[in-house]
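Q: This is the structure I want to talk about, given as structure tokens.
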Amino acid sequence: MLEKDDKKYIWHPFTQMKDYIKEKQIIIESGEGVYLRDIYHNKYIDGVSSLWTNLHGHRKKEINDAIRAQLKKISHSTLLGLGNVPSIKLAKELIKIVPNNLKKVFYSDNGSTGVEISLKIAYQYWQLKGKKGKVRFVALKNSYHGDTIGSVSVGGIELFHKIYKPLLFKTYFAPSPYCYRCEFNKTLETCKMDCVLKLERIVRKYNDKIAGVILEPLIQCAGGMIVQPPGYLKRVEEICNKYNVLLIVDEVATGFGRTGYMFACEKERVNPDIMVVAKGITGGYLPLAATIVSQEIFNAFLGEYKEKKTFFHGHTYTGNQLCCSAALANLKIFKKEKVLKKLQPKIKLLSKELEKFKELPHVGEVRQCGFIAGIELVKDKKTKEEYKYEEKIGIKVCMNVRKYGLILRPLGNVIVIMPPLSINENDLKRMLKITYDSICEVCR
Ligand code: PLP
């Protein structure tokens, strides 16, 4: 009945519904720790953390308790002209852990709106500073920043974004630091980071038109888990400083421990002007995002009422109390359970286990950034020939792992490994074994 009604009433995101309706689907009823359970009581490891959000497992007591305690007080009141307790406490905690120059938190409810806000703030900042021409952004090919029109305008994935081109604002695109398929035909040995040099040329040439550079730090996630070469992010920061454009880092996917650091920016000691966080901020429980900016940016919006320098933007559920309470509990768990410290051996184990995949005839490259990994499947390992879109190779592997009690979701031909940070070593090994066996079965 539920399966029927799911197919009858729901339009699933990023899903070809013709296939979805035809095929057998899983309906999740409950979850515990790293496991999801369907309506027939089958258990699955949540191998992609319910789309990269869940950090400490499902039904984590501390987060459940925090939400329950907040329910007894109030679930929602507006942040438009009113304060609320958990949103204040959370902003204070966030400012303690983000890069030093970030001082003010603007809340919204998902990664896309968080990015949208960052673009509008960057644009308006320059308008208020009198640099009226700085209205464009630089983004990277293969980047993904969300699905609203603004965030799609800085998105660089043809498959998702091309059709909307007539609706989008113009953006300058720099090369993706995709070393496996280097645009400049360089190898790791001959790499002089031509991709970053090209980005610098764009910023130098158009800097009086550019408000900011936006990128996902260390790894382009939805673009296929494309890991940037060491030093790349730092170079981008230097370029932004040199040419007076803002640096916006989108930590929606990388934030809250995923890369082995609380935020990816920390690895190369990068101080962005604006940082966007979402997904893991509530430990994967409730929708919340934050766009966090420097004092300098915030100050530019201050003025007399009649000057109309106000940031005229806000969402109905901005700073929602239940979401902020979940986020506060999430941050407490990081401290109390020493999550980042405990994660380090698991990152090593992941590296070790991933080595085996490299020998497989249809694995072109295995990429890892902390506790995030992507396994790129190729038709021909020697020529790096890609599987065709219609071969659905990634989807086939991810459907196959379900038989063995694992949920994965691919990015095209890339198999994503992104379990909750709390996964234990046995479950991590098990999920990798299932993935390995399924790649062998499907790509035979
Ligand atoms: N930015 C990045 C880097 C993301 O990976 C995503 C989602 O995957 C988003 C933005 C959009 O976030 P949301 O799906 O919450 O709108």
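The values are calculated or read from the model by the stated rules, or taken from the named source; none is laboratory data. This structure is a prediction, so every number in the text was calculated from the model and none was measured. As a convention, Cβ positions derive from the backbone with ideal geometry for all residues, glycine included, and neighbour counts pool all protein chains shown. All accessible areas refer to the heavy atoms of the entire protein, side chains included, with ligands and DNA or RNA removed. Shrake-Rupley method; radii C 1.70, N 1.55, O 1.52, S 1.80 Å.
Q: Tally time: how many residues in the stretch 280-299 are under 21 Å from the mean Cα position of the chain (by Cα) and in a helix (DSSP H, G or I)?
A: First, pick out the residues of the stretch 280-299 that are under 21 Å from the mean Cα position of the chain (by Cα): 280-293.
From what is left, the residues that are in a helix (DSSP H, G or I) are 280-282.
Within the stretch 280-299, residues that are under 21 Å from the mean Cα position of the chain (by Cα) and in a helix (DSSP H, G or I) number 3.
Q: Give the residues of the stretch 63-91 that are in a helix (DSSP H, G or I), under 27 Å from the mean Cα position of the chain (by Cα) and not basic (Lys, Arg), sorted by residue number.
A: Within the stretch 63-91, the first condition is being in a helix (DSSP H, G or I), and the residues that meet it are 63-71, 85-91.
With under 27 Å from the mean Cα position of the chain (by Cα) added as a condition, the list becomes 63-67, 86-91.
Once the filter is applied, which keeps residues that are in a helix (DSSP H, G or I), under 27 Å from the mean Cα position of the chain (by Cα) and not basic (Lys, Arg), the stretch 63-91 yields Ile63, Asn64, Asp65, Ala66, Ile67, Pro86, Ser87, Ile88, Leu90, Ala91.
Q: Out of the residues in the stretch 197-209 that are in contact (Cβ under 8 Å) with a residue 60 or more places away in the chain and part of a helix (DSSP H, G or I), state the one that is surrounded by the most Cβ atoms within 10 Å (Cβ to Cβ).
A: Leu199
Q: The conditions are (1) open to solvent by 30 Å² or more (accessible area, probe 1.4 Å); (2) in contact (Cβ under 8 Å) with a residue 40 or more places away in the chain; (3) within 30 Å of Glu425 (Cα to Cα), and Asn64 fails exactly one of them. Which is it?
A: (2)
Q: Can you go through Lys356, Lys341, Lys382 and tell me which one is open to solvent by 90 Å² or more (accessible area, probe 1.4 Å) and in contact with a Phe, Trp or Tyr (Cβ under 9 Å, 6 or more places away or on another chain)?
A: Values: Lys341 fails: in contact with a Phe, Trp or Tyr (Cβ under 9 Å, 6 or more places away or on another chain); Lys382 fails: in contact with a Phe, Trp or Tyr (Cβ under 9 Å, 6 or more places away or on another chain).
Just a single option satisfies the conditions, and that option is Lys356.
Q: Could you tell me which of the residues Phe169, Phe184 is more than 13 Å from the ligand (Cβ to nearest atom), under 22 Å from Val227 (Cα atoms), without any contact (Cβ under 8 Å) to a residue 40 or more places away in the chain and not in a strand (DSSP E or B)? Walk me through it before giving the result.
A: Working: Phe169 fails: under 22 Å from Val227 (Cα atoms).
Sole residue among the options that is more than 13 Å from the ligand (Cβ to nearest atom), under 22 Å from Val227 (Cα atoms), without any contact (Cβ under 8 Å) to a residue 40 or more places away in the chain and not in a strand (DSSP E or B): Phe184.
Q: A further question on this structure: Return the total of residues in the stretch 100-125 being open to solvent by 20 Å² or more (accessible area, probe 1.4 Å) and more than 15 Å from the chain's Cα centre (by Cα).
A: 9
Q: Do you know which of the residues in the stretch 241-300 that are among the basic types (Lys, Arg) and out of contact with any Leu (no Cβ under 9 Å at 6 or more places or on another chain) is farthest from Tyr107 (Cα to Cα)? Don't jump to the end; show me each part of the working.
A: Taking the stretch 241-300 first, the residues among the basic types (Lys, Arg) are 242, 258, 267, 269, 279.
Subsequent filtering for residues that are out of contact with any Leu (no Cβ under 9 Å at 6 or more places or on another chain) retains 242, 269.
Working: Lys242: 30, Arg269: 24 Å.
Checked the stretch 241-300; the qualifying residue farthest from Tyr107 (Cα to Cα) is Lys242.
Q: Another question about this same structure. Quick check: anything in the stretch 31-38 of a type in the set (Val, Ile, Thr), surrounded by 14 or more Cβ atoms within 10 Å (Cβ to Cβ) and not assigned by TED's automatic domain parsing to the domain that holds Leu331?
A: We begin by selecting, within the stretch 31-38, every residue of a type in the set (Val, Ile, Thr); these are 34.
Then keep just the ones that are surrounded by 14 or more Cβ atoms within 10 Å (Cβ to Cβ); that gives 34.
With not assigned by TED's automatic domain parsing to the domain that holds Leu331 added as a condition, the list becomes 34.
For the stretch 31-38, residues of a type in the set (Val, Ile, Thr), surrounded by 14 or more Cβ atoms within 10 Å (Cβ to Cβ) and not assigned by TED's automatic domain parsing to the domain that holds Leu331: present.
Q: If you take the residues in the stretch 226-250 that are closer than 14 Å to Val270 by Cβ and of a type in the set (A, V, I, L, M), which one is farthest from the ligand (Cβ to nearest atom)?
A: Ile239
Q: While we're here: Condition test on Lys141, is it of a type in the set (D, E, K, R) and modelled with pLDDT of 95 or more? Please lay out each step first, then the result.
A: Numbers: of a type in the set (D, E, K, R): yes; modelled with pLDDT of 95 or more: yes.
Spelling it out, Lys141 is indeed of a type in the set (D, E, K, R) and modelled with pLDDT of 95 or more.
Q: Check off (1) touching a Lys or Arg at 6+ places or on another chain (Cβ under 9 Å); (2) without any contact (Cβ under 8 Å) to a residue 12 or more places away in the chain; (3) buried (at least 16 other Cβ atoms within 10 Å of the Cβ) for Lys192 and give me the number that stays unchecked.
A: (3)
Q: Now for a different question. What are the residues in the stretch 138-150 that are outside any helix (DSSP H, G or I), within 14 Å of the ligand (Cβ to nearest atom) and open to solvent by less than 10 Å² (accessible area, probe 1.4 Å), if any?
A: To start, the set of residues in the stretch 138-150 that are outside any helix (DSSP H, G or I) comprises 138-148.
Then drop every residue that is not within 14 Å of the ligand (Cβ to nearest atom), which leaves 139-140, 142-148.
Of everything in the stretch 138-150, those that are outside any helix (DSSP H, G or I), within 14 Å of the ligand (Cβ to nearest atom) and open to solvent by less than 10 Å² (accessible area, probe 1.4 Å) turn out to be Ala139, Leu140, Ser143, His145, Gly146.
Q: Can I ask one more? Considering only the stretch 16-43, state which residues are part of a strand (DSSP E or B) and touching a residue at least 40 places away in the same chain (Cβ under 8 Å). Quick ask: steps written out before the conclusion?
A: Here is the first cut: in the stretch 16-43, the ones part of a strand (DSSP E or B) are 28-33, 35-38, 43.
Matches in the stretch 16-43: Gly33, Leu36, Lys43.
Q: Sort through Gly257, Gly212, Gly284, Gly223 and tell me the only one that's within 16 Å of the ligand (Cβ to nearest atom), open to solvent by less than 10 Å² (accessible area, probe 1.4 Å) and either within 30 Å of Asn54 (Cβ to Cβ) or in the same structural domain as Trp52 (by TED's automatic domain parsing) (or both). Give the steps one after another, and end with the answer.
A: Values: Gly212 fails: either within 30 Å of Asn54 (Cβ to Cβ) or in the same structural domain as Trp52 (by TED's automatic domain parsing) (or both); Gly284 fails: open to solvent by less than 10 Å² (accessible area, probe 1.4 Å); Gly223 fails: open to solvent by less than 10 Å² (accessible area, probe 1.4 Å).
Criteria check complete, one pass: Gly257.
Q: Next question. List pairs: first in the stretch 342-362 and farther than 19 Å from Arg258 by Cβ, second of a type in the set (Phe, Trp, Tyr) and open to solvent by 30 Å² or more (accessible area, probe 1.4 Å), Cβ under 7 Å, 6+ apart or cross-chain?
A: So the pair list comes out as Lys356/Tyr436; Phe357/Tyr436.
Q: Out of all the residues in the stretch 300-324, which are closer than 20 Å to Val115 by Cβ and either without any contact (Cβ under 8 Å) to a residue 40 or more places away in the chain or outside any helix (DSSP H, G or I) (or both)?
A: Phe301, Phe311, Phe312, His313, Gly314, His315, Thr316, Tyr317, Thr318, Gly319, Asn320
Q: Return the total of residues in the stretch 92-131 being in a helix (DSSP H, G or I), touching a residue at least 60 places away in the same chain (Cβ under 8 Å) and either within 16 Å of the ligand (Cβ to nearest atom) or not polar (S, T, N, Q) (or both). Write out each step before concluding.
A: Initially, the stretch 92-131 is screened for residues in a helix (DSSP H, G or I), giving 92-97, 111-128.
With touching a residue at least 60 places away in the same chain (Cβ under 8 Å) added as a condition, the list becomes 93-95, 97, 111, 113-115, 117-126, 128.
Going one step further and asking which of them are either within 16 Å of the ligand (Cβ to nearest atom) or not polar (S, T, N, Q) (or both), we end up with 93-95, 97, 111, 113-115, 117-123, 125-126, 128.
Number satisfying all stated conditions: 18.
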